[in-house]
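The values are calculated or read from the model by the stated rules, or taken from the named source; none is laboratory data. The model shown is predicted, which means the values in this text are computed figures rather than measured ones. All Cβ positions, even for glycine, are placed from backbone atoms using ideal geometry, and neighbour counts span all protein chains on display. Side chains are part of the model used for accessible areas, which takes the heavy atoms of the whole protein and leaves out ligands, DNA and RNA. Shrake-Rupley method; radii C 1.70, N 1.55, O 1.52, S 1.80 Å.
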Amino acid sequence: MLDARMDDAPCPPSVTVNPRLEESWKRALTKEFQDPYFRDLKVFLIEERKAGRTFYPPGPLIFKALDATPFDRVKVVILGQDPYHGPGQANGLCFSVSEGVQPPPSLLNVFKELHADLGLPVPTHGNLERWAQQGVLLLNATLTVRAREAASHQNRGWERFTDAIIRQLNDQKEGLVFVLWGRSAQEKGRIIDRRRHLVLSAAHPSPLSANSGFFGCRHFSAINRYLAEHGQTPIDWALD
């Protein structure tokens, strides 16, 4: 899909992005992959690589959020903005970092709220893959970012692509929980039918805004309460 060898753009075969993507999402998003805007996005990423620019996450992890949480297993969607832009941080899941990487301040604030809400101990690592495996889609609005340049891959096509993801979930499923932290995530919430799904909104967990409505939102317990009321297994939010 993002492999240069599958594109008509003039570039050497060694220049590749080549992410993995789980089959149910391939089916759900076939129309997007065939659209001209997505071709333009592929060309942009290939040109970034040809120019020697580093971007995150690594190519195979660009679709990690989708790969870790198949379409049919999604129960909760947490929306982020764009990947972490520091070396070794972005792992394809919003707010998440791999084990051994220091959790960034926003993620530490998520853990503080998790502790205040459910009494769980603050995790010893920042890898949220265990949430993803239980049906929590950890989706950024923009799926790549240039190293050390926040928001550098915005307005290149990713936002349209992730809108399509949200639209597919909204239209094809019932009783999902959408978690919108911050203004960027809340703007994407315009797609969601609140008669069919639960939408939870709060300030972004960034240190700049967490005290303006993120702390005390109690979203983790609200998610589990809604899932239980709709006959679904609640999320085990413990990471250790």
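Once both labels are modelled 7 Å past Cα along the beta-carbon direction, what's the Gln186-His230 spacing in nm? Result for the modelled spin labels: 2.2 nm. Of the beta bridges in the chain, as assigned by DSSP with both residues counted there, near 10 percent are antiparallel.
In debye, nearest 20: dipole of the chain around its Cα centre with unit charges on the Cβ of K, R (+) and D, E (-)?
For the chain, the charge dipole is close to 300 debye.
Compactness check for the chain: Cα Rg over 2.2 N^0.38 Å is 0.99. With a 1.4 Å probe and every protein chain kept in, tell me what percent of the accessible surface of the chain is carbon plus sulfur. Carbon with sulfur: 47 percent of the solvent-accessible area. Taking all protein chains as they are arranged and a probe of 1.4 Å, the heavy atoms of Glu99 leave approximately 120 Å² accessible to solvent.
A straight line joining the Cα centroids of the range 34-48 and the range 155-201 runs 23 Å. Segment Asp171..Asp193, full-extension length gain: 7.1 nm, with 0.36 nm per residue of separation and the alpha-carbon distance subtracted. In terms of distances greater than 20 angstrom between alpha carbons, the cross-link table entries Lys42/Lys64; Lys31/Lys75; Lys26/Lys173; Lys26/Lys64; Lys31/Lys173 yield Lys31/Lys75. Looking at the range 17-75, none of the trypsin sites (Lys or Arg not before Pro) sits in a DSSP loop with at most 12 other Cβ atoms within 10 Å of its own Cβ.
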